[in-house]
Structure formats: C-alpha cells, structure tokens
Amino acid sequence: MNAPRAAIRVTDVSKRFGGIVVAENVNLELRSGEILGLIGPNGAGKTTLFNLICGIHTPDSGEIWLRDQPLSRVPVYRRARLGIARTWQNIRLFPTLSVIDNLLMGPRRYPGEALLAGIFGARTRRADAQAARERAEEILARMGLSDARDKTPAELPFGQQKLAGMARTLMNDGEVLLLDEPMAGVEGQVYETIRQVVRDEASAGRAVCIVEHNVSFIRDLCTRAVFMFNGCIEQSGTMEELLASDKLAELYFGGRS
C-alpha cells in the first residue's frame, strides 16, 4: 500500500528575528489523513512554524510546499484559498458579528467577492451564499452551537468561543488544518467535541497538525509527534517513543520524576 502523500513539506526552513533564531533548518512533512502533534516548551518555535506555513512570516531560507506548489511568493490570503486553514491561541473571532456571521467569513471562496461575479453573476452569487449558509448551519450543529448561532462571541462562555473559532476554520474545506492549542482552557463536553472533530477531519483525508501542551490529547490522537526546542526539531516519532526519550524529558519536563 502506498504511503500517504505529503500535503505540506517544509524543507530546510530557517527564520530569525534580529539575533533570535525562531526556526533553524526545519524539515517536516504533514501527510494527508494524519494527525501530527507538534510539542515543545513555550518559545520552541511551534506557532512560528504555523505562521511560516500560513505566510504571516517569510522564511529567511528554505521552502514550504503545498503539494508541488512552492509557497514562498504566495500571500496569506491565497494560501487560505488554496486550502490552508488554522485556528489561533487567542481565538480571534469578530466581536461584533454573530456566531453564524463569523462562520460566513471562513469559506475559501467568499460569495460575490470577485468584481465581475458581483456584477454579472447574481444568480451564482445567491446560490453560493445559500450553500455557505447551509454549510455553516451544519458545522454549528456538529459543534453543538446551533442555539448560539445569533449570539456574539462575548455572550458565549470560553469553551463555546473555542468551538466557534474551530467552526469558522472548518468553513475552509481545504486539505490542511493547523490547530494552535485547541485544548487550552477547555474540558468536559467541549474537550470531547474537539477531539471527535479532529478525528473526523483526519478520517475525511485532511492533513491535521496540532500544537498542544496536553500530552494526553496528543498521545490519544496523533499518529506521529514532533518535538521542537529553540527553533529546531529535536526528535520525531510516536508519542510513546518521545515520552521514552531522556533528552525530551530533560528539555520539556526538566528531567524524570
């Protein structure tokens, strides 16, 4: 059986901010249908790697590929249209919009945003808008947020805000899903919902990468894990292999108890 193909390839990528190295010769593959865990202490370069993949930062050297397409000259908005979607540690919902209107900001192709389509394609634009709304309603139901559809983010408890942030990301139906600390500050039903959604997205063929400090969550879900430290990938393998590493225990946990 053929191995899953790489959706994202990071090859020899380095990035500095002044004298601070945030990524150094990073090589990484994110494969279709897998859940890859990205772990390491604060400041290791995990979120920076997401920012490099999304185009928020530009590598000083190296290249990032989406399939066979190099991304170095592709701006942030086009990477989103190509199917790279992400969540944020601080959620970043639009505070004055309702939950469903937040979701309607998320599709890769926003209905009517092209000038000629807006002028000449009224019927197509209406059909696209209706399809986007139906998809938003489906995702809200999947996340258990149907009753919150008309509320603003400030009216929701923190856990539901996290779910709404992930729901908006799922409106981008592309192949790559980057989740930045999705479990931070959540528990109970919200935890279980996020866990199931991550499983389902990978089962549907999406390439999922998770930055997370919750080791149990990573061990439960991830087929592979990568340990970063000071901008470098120190080790990769299964979570069990990483947890058995004395080097990881020293760098991440301060030694074995």
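Quick note: the coordinates plus some simple rules give every number you see, no bench work behind them. These numbers come from a predicted model, not from an experiment. Note that each Cβ is placed from the backbone with ideal geometry, even for glycine, and that neighbours are counted across all protein chains shown.
Among the candidates Ala202, Ala164, Ala154, the residue that is of a type outside the set (Ser, Thr, Tyr), more than 16 Å from the chain's Cα centre (by Cα) and within 30 Å of Pro107 (Cβ to Cβ) is uniquely Ala154.
Only residues that are hydrophobic (A, V, I, L, M, F, W, C), within 19 Å of Arg168 (Cβ to Cβ) and in contact with a strand residue (DSSP E or B) (Cβ under 7 Å, 6 or more places away or on another chain) were counted across the stretch 55-100, and they come to 4. Among the residues of the stretch 58-73, are any touching a Pro at 6+ places or on another chain (Cβ under 7 Å) and farther than 15 Å from Ile8 by Cβ? No, every residue in the stretch 58-73 fails to be touching a Pro at 6+ places or on another chain (Cβ under 7 Å) and farther than 15 Å from Ile8 by Cβ.
When the residues of the stretch 147-186 are filtered to those that are among the acidic types (Asp, Glu) and more than 23 Å from Phe50 (Cα to Cα), the one that is surrounded by the most Cβ atoms within 10 Å (Cβ to Cβ) is Glu155. Check the stretch 239-254 and report whether any residue there is outside any helix (DSSP H, G or I) and on the phi > 0 side of the Ramachandran plot. There is at least one residue in the stretch 239-254 that is outside any helix (DSSP H, G or I) and on the phi > 0 side of the Ramachandran plot.
The set of residues in the stretch 222-242 being within 18 Å of the chain's Cα centre (by Cα), over 20 Å from Ala23 (Cα atoms) and surrounded by 23 or more Cβ atoms within 10 Å (Cβ to Cβ) consists of Cys222 alone. The single residue among Val190, Val208 that is among the β-branched types (Val, Ile, Thr), surrounded by 14 or more Cβ atoms within 10 Å (Cβ to Cβ), assigned to a helix (DSSP H, G or I) and touching a helix residue (DSSP H, G or I) at 6+ places or on another chain (Cβ under 6 Å) turns out to be Val190. Quick one: in the stretch 21-73, of everything that is among the polar types (S, T, N, Q) and in a strand (DSSP E or B), which residue is surrounded by the most Cβ atoms within 10 Å (Cβ to Cβ)? The qualifying residue surrounded by the most Cβ atoms within 10 Å (Cβ to Cβ) is Asn25.
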